[in-house]
Amino acid sequence: MASEIAASQFAALAHETRLIVFRTVMNAGPEGVSAGDLAVKAQVTPSNLSAHLTVLVSAGLLDVRRDGRRRYYFAALSAVRGLLNFLIMECCDGNPDVCDLQVSELTGLHKEAC
């Protein structure tokens with residue numbers, strides 16, 4: 001992944017409302033979340049939410065599906081995987097030993113969080 005893309009995705013997540021929206025969508029799974037439900041969860045007006053969703057979609061982190069007049073947002077998992085891979089590989093400078101250690105520690109933290 002190019003550094004510019006990673007920076008754009010990190011910038012998209014660097015806002016409290018967008019982070020709430022992103023986490024909500026990630027938790028929803030492949031069926032996604034309606035824009036109305038996201039507005040309620042993030043406690044923002046629909047117009048305010050629309051601006052935040054535009055940033056997340058433009059960064060490639062979310063995709064949108066229309067169902068009649070409703071829009072459902074879901075995670076662009078390939079982009080999320082790419083961003084995680086960027087963090088692990090680029091930040092470990094491609095050193096497999098360091099990366100293996102970091103991934104095993106993340107896995108352990110993830111299990112404890114669940």
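The values are calculated or read from the model by the stated rules, or taken from the named source; none is laboratory data. Bear in mind that the values here come from a model prediction, so they are computed numbers and not experimental data. Cβ sites come from the backbone with ideal geometry, for glycine too, and all protein chains shown count toward neighbours.
Points worth noting:
- Only one entry in A28, A42, A12, A51 is closer than 18 Å to G82 by Cβ, out of contact with any Pro (no Cβ under 8 Å at 6 or more places or on another chain) and not polar (S, T, N, Q), namely A12.
- Odd one out for A39, checked against (1) surrounded by fewer than 16 Cβ atoms within 10 Å (Cβ to Cβ); (2) modelled with pLDDT of 95 or more: (1)
- Looking only at region 8-65, and only at residues there that are outside any helix (DSSP H, G or I) and of a type in the set (S, T, Y), the one that is farthest from the chain's Cα centre (by Cα): T45
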